[in-house]
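One structure is given here, and the rest of the page talks about it.
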Amino acid sequence: MPVFRHLLSLEGMGRPQIEAFFTRAAEFEAGGPHKAPLAGRLVANLFFEPSTRTRSSFEAAAKALGADVLNWTVAGSSASKGETLLDTVRNIAALGPFAIIIRHQASGAAAFAAANVPCSVINAGDGRHEHPSQGLLDTYTLWRRWKTFQNRRVLVVGDVLHSRVVRSNLHALKALGAQVALCGPRSLVHDGWAALGAQVDTDLDRSLEGVDAVMVLRVQRERMADAFFASEREYHQRWGLSAERAARLKPDAVVMHPGPVNRGVEIAPEVADGPRSLILEQVRNGVFVRMAILESVK
Ligand code: CP
């Protein structure tokens, strides 16, 4: 298993390193072998933004490895009195965790924390930049099924502009050899993504032809001060994964979503809960992948 000081991004991570995470996660999924390797050690969860999956998944993973977990959120903390990010991470680091897991609304916040604390830092989502543990758990979920990404086509559809999940997935999927396409309204997907190796299109029905997996992204309404599309109804009609569209996918094509889901906006409820959906499998796999991540940072 490779050793990392921090996990801030999947940019530049090669296929052997990514597959080493998968192999270790699969060992954890199979039930071992591990004997509380993090017993007596402390992990600090610092979440400046809300989270259901990532925070609880890292907590479950840390506890499965025998670690103690300190959970910090803005509410009830001195950040709500104006304490800075720098002072917050330095003070939490002074409590002695071996790793700080940080989510923050600013792109680059995790790297900033890493530069200012003596322990490891794991990026749990920084602004629009990256969400590396999500990228690893998403690709792990596909790897369990496919084993190889050669000749596999993955479509990411939705609010690419505000997404950190898309960048981590794009880095991982390209490193693993998959073909990646992006689709969404022109206001939310720009042609610049082609420089990272993705095909870009605004027509969802055309984009869905022949794909092996569809990753649906959440419309991040909380980050939209401007109008990026006419209405949620129009969005669903043009870029939503409806039951009719899902029915036209290849028989073995799968549907993914990092969550939380806006039901009836980017994805129809019957697709999110349907037989193609891997959404809850993604959540379950997240614990094993995050165990591998926690074990890898030193
Ligand atoms: N996928 C994801 O990051 O979900 P949470 O915001 O609930 O952590």
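Of note:
- Residues (open to solvent by 50 Å² or more (accessible area, probe 1.4 Å) and either farther than 12 Å from ALA292 by Cα or free of Cβ contacts under 8 Å to residues at least 12 places away in the same chain (or both)) located in the range 24-45: GLU27, ALA30, GLY31, PRO33, LYS35, ALA39, GLY40, ARG41
- Filter result for GLU266 (of a type outside the set (A, V, I, L, M) and touching a Gly at 6+ places or on another chain (Cβ under 7 Å)): yes
- Among residues of the range 110-130, those that are open to solvent by less than 10 Å² (accessible area, probe 1.4 Å) and within 15 Å of the ligand (Cβ to nearest atom), counted: 8
- Meets criteria (surrounded by 15 or more Cβ atoms within 10 Å (Cβ to Cβ), of a type outside the set (Val, Ile, Thr) and either within 21 Å of the chain's Cα centre (by Cα) or not in a loop (DSSP other than H, G, I, E, B) (or both)) for ARG206: no
- Counted residues, the range 209-228 - those being in a loop (DSSP other than H, G, I, E, B) and crowded, with 19+ Cβ neighbours inside 10 Å: 6
- Looking across THR148, THR88, one residue alone is of a type in the set (S, T, N, Q), free of Cβ contacts under 8 Å to residues at least 60 places away in the same chain and in the same structural domain as PHE21 (by TED's automatic domain parsing). It is THR88.
- Residues considered: ASN91, ASN71. Of these, the only one that is loosely packed, with under 15 Cβ neighbours inside 10 Å, within 16 Å of the ligand (Cβ to nearest atom) and over 16 Å from PRO132 (Cα atoms) is ASN71.
- Residue in the range 46-58 that is farthest from the chain's Cα centre (by Cα), counting only those that are open to solvent by 40 Å² or more (accessible area, probe 1.4 Å) and among the charged types (D, E, K, R): ARG55
- Count - residues of the range 239-298 that are open to solvent by 10 Å² or more (accessible area, probe 1.4 Å), within 16 Å of the ligand (Cβ to nearest atom) and of a type in the set (Asp, Glu): 1
- Checking every residue in the range 49-59 against the condition of being hydrophobic (A, V, I, L, M, F, W, C) and within 16 Å of the ligand (Cβ to nearest atom) gives at least one match.
- Qualifying residue in the range 66-73 (condition: at pLDDT 95 or above and under 16 Å from the mean Cα position of the chain (by Cα)): no
- Cβ-Cβ under 6 Å pairs, at least 6 apart or on other chains, the range 97-111 side outside the structural domain of GLU49 (by TED's automatic domain parsing) and part of a strand (DSSP E or B), far side modelled with pLDDT under 95 and more than 15 Å from the ligand (Cβ to nearest atom): none
The values are calculated or read from the model by the stated rules, or taken from the named source; none is laboratory data. These numbers were taken from a predicted model, which means no experiment stands behind them. All Cβ positions, even for glycine, are placed from backbone atoms using ideal geometry, and neighbour counts span all protein chains on display. Surface accessibility is based on the protein's heavy atoms, side chains included, excluding ligands, DNA and RNA. Shrake-Rupley method; radii C 1.70, N 1.55, O 1.52, S 1.80 Å.
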